[in-house]
2 protein chains.
Amino acid sequence: MAAPDTRTQILDAAEHLFAEHGFRGASVRAITDLAGANLAAVGYHFGSKAELLAAVVRRVVEPINAAQSAGLDRLLARTPDPAVSELVEAFAGPLFDEMLAGDAGGARTSRLIMRIIGDPAEEMREWTGSAEATVRDRYLTAFERALPGLSPEELWFRIRGVLAVAAVDRVEVYNGQPPNCVSPVAGQAARRWAITFLTAAMSAPPTGD
Amino acid sequence: MAAPDTRTQILDAAEHLFAEHGFRGASVRAITDLAGANLAAVGYHFGSKAELLAAVVRRVVEPINAAQSAGLDRLLARTPDPAVSELVEAFAGPLFDEMLAGDAGGARTSRLIMRIIGDPAEEMREWTGSAEATVRDRYLTAFERALPGLSPEELWFRIRGVLAVAAVDRVEVYNGQPPNCVSPVAGQAARRWAITFLTAAMSAPPTGD
DNA sequence: CAGTCATTCATACGTTCGTTTTAATCGAAC
DNA sequence: GTTCGATTAAAACGAACGTATGAATGACTG
C-alpha cells in the first residue's frame with residue numbers, strides 16, 4: 001500500500017489510457033510513462049500489449065458480473081418470478097455501481113465498457129470467460145418469464161439496449177456539452193435515471209408484427 | 001465523374017474500414033488498397049487522414065440530420081404538440097432508415113456511428129457543424145413540451161440513451177452470438193423493436209428525487 | 001560474504017505508419 | 001500537335017510503434 005507495485009500501477013494507467021484512446025490509440029510507452037514504470041515492464045509482467053488489455057478488461061468486468069449474479073441470486077431466493085423492475089435493477093445497477101467506484105465518477109470506466117462492446121473483431125475479443133455467458137443466460141430466462149409473449153429475438157435486442165444505455169452513461173455525446181444542462185451528470189442521479197428509463201423500456205409490450 | 005471516381009471509392013473504402021477498425025486501426029494504405037487507388041490519393045483529395053475521416057462522417061451524418069429535421073417539420077406542421085411516440089419515431093427512425101440504405105443491412109454504419117459517439121477527444125471531434133446542434137435543440141424543446149415535469153438534465157440523459165440504443169443496433173455485443181437467437185437481426189424488425197423500446201423509455205414518468 | 005532470484009533498466013531491432021516529393025500520365029483546348 | 005491543368009504513380013522520409021535482449025539493481029538466503 002505504501003509502495004504500490006508496478007503491476008497494478010500499469011493496470012491503472014492502462015485502464016485510463018485504453019478508455020481514453022482505445023487499444024490502438026494508447027501506446028505501451030504512454031502507459032508505462034503514466035505508470036512511472038519502464039517500457040519493458042509490460043512485456044515482463046503481462047507478456048504483450050494484448051494480454052495487458054485482457055487483464056485490464058478482466059479486472060473491470062469480473063466484479064460487475066459477480067454483482068449481477070449475486071443480485072439475481074438474491075431475487076430468486078425470494079420469489080421465482082421477480083418483477084421486471086427488479087430484474088432491471090439487479091442487471092443494470094451493478095454497471096453503475098462498479099463504475100461509480102472508479103475514478104472521475106466512473107466516466108472513464110463507462111468509456112472503457114463502451115469500447116469493449118463496440119469493437120468488433122479486435123483484440124477486445126479474447127477476454128471473455130464462461131462467467132459472462134452464464135450470467136447472460138440466467139437473466140435471459142428470468143426476463144422471459146417476466147415478459148411472456150416477447151420473442152427471444154426482441155428480448156435479446158432489449159437487453160443489448162440496456163447495455164448500450166449503461167455504457168454510454170456520462171460519455172459526452174455529439175461533441176460537447178448538451179445545450180441546456182451540465183454534463184457529465186452526477187453519478188447517482190444517472191443511476192436512478194437509467195433504472196427508470198430502462199424499466200419502462202423493458203416493460204413495453206411486444207412489438208406487433 | 002464516371003463510374004470509377006477515385007474520390008468516392010476512397011470514401012467508400014474509408015467508411016468501411018473506419019467502421020470496422022476505428023480511425024487509428026484503419027491505415028491509409030489499407031484504405032487505398034481497398035479502393036484500388038494509390039497511396040498518395042488520400043493526401044491529394046482530402047489533405048490528410050483526419051480530413052478524410054471528417055468527409056466520411058459528414059457523408060454519413062448529413063442525411064440523417066436532414067431526415068430528422070424534416071420529420072420534425074412535418075410533425076409540427078400538423079400540431080404544435082406532437083406525442084412522445086411521434087417524436088421518437090421522427091428522431092430515431094432516420095438513424096435506422098439511413099443505416100438500412102447502407103451495405104450489410106446497415107451493420108457497418110451503426111458501428112461507425114457508435115465509434116463517432118464513443119470516441120472522446122479524438123479526431124472524431126472536428127466534423128460537427130451547426131446543423132447537428134440545431135436539430136438537437138429543436139427536439140429537446142419539443143420533448144420538453146411533450147414531457148412536462150422532466151428536468152432538462154434527465155431529458156438530455158434520455159436522449160443520449162436513444163442515440164445509444166440506435167447506435168448499438170446490430171453491433172454484436174459481448175463477443176459473439178446471443179445464446180438463444182440469431183444475430184444480427186433483420187433491419188426492419190430492429191427498427192420497429194427500437195421504436196417500441198424507446199417510446200416506452202422516453203414516456204417513463206420523471207424519476208422522483 | 002557470496003549467491004540467487006525477481007525485478008527494473010537502457011537500448012536496439014524490425015515494422016508500419018502518415019506524409020511528402022518528384023516524375024509520369026491523360027484528356028481536352030487551342 | 002502542342003500545351004496545360006488535373007490526376008495518378010512510385011519512391012522515400014522521419015517518426016512512432018510493439019517487442020526482445022542483456023546488463024544492472026537490490027533484497028533475501030545460506
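Every read-out reported here was derived from the displayed coordinates using simple, explicitly stated rules and does not represent laboratory data. Keep in mind it's a predicted model, so treat the numbers as computed, not measured. Positions of Cβ are backbone-derived with ideal geometry, glycine not excepted, and every protein chain shown enters the neighbour counts.
Using each residue's phi in the stretch A:195-202, evaluate 6.51 cos²θ - 1.76 cosθ + 1.60 at θ = phi - 60° and report the 3J(HN,Hα) Karplus result to the nearest Hz, with x for Gly and Pro.
4, 4, 4, 7, 5, 4, 5, 5
For peptide A:190-197, what's the mean number of Cβ atoms from other chains within 10 Å of each residue's Cβ?
6
Would you mind giving the mean number of other chain beta-carbons within 10 Å of the Cβ of each residue in B:76-84, as a whole number?
Mean shielding by partner chains, rounded to a whole number: 0.
Between the stretch A:24-64 and the stretch A:74-99, what's the alpha-carbon centroid distance in Å?
32 Å
Using Cβ contacts closer than 10 Å as the measure, can you line up B:S130, A:S110, A:S203 from fewest to most?
B:S130, A:S203, A:S110
May I ask you to evaluate 6.51 cos²θ - 1.76 cosθ + 1.60, the Karplus curve with θ = phi - 60°, for each residue of the stretch B:139-147 and list the ³J(HN,Hα) values in order in whole Hz, giving x for glycine and proline?
Once rounded to whole Hz, the list reads 5, 4, 5, 5, 5, 4, 5, 7, 10.
Compute the distance in nm between two label points, each set 7 Å from the Cα along the Cα-to-Cβ direction, one at A:S130 and one at B:A40.
5.8 nm
Need one value for B:46-55: mean number of C-beta atoms belonging to other chains within 10 Å of its residues' C-beta atoms. Provide the component values of the computation, followed by the final result.
Values: counts 0, 0, 0, 0, 0, 0, 0, 0, 0, 0.
Across the residues of B:46-55, the mean count of other-chain Cβ atoms within 10 Å is 0.
Rounded to whole Hz and in sequence order, give me ³J(HN,Hα) for the stretch A:65-82 from the Karplus expression 6.51 cos²θ - 1.76 cosθ + 1.60, θ = phi - 60°, writing x for Gly and Pro.
Ordered by residue, 3J(HN,Hα) equals 5, 4, 5, 4, 5, 5, x, 5, 4, 4, 5, 6, 5, 8, 8, x, 10, x Hz.
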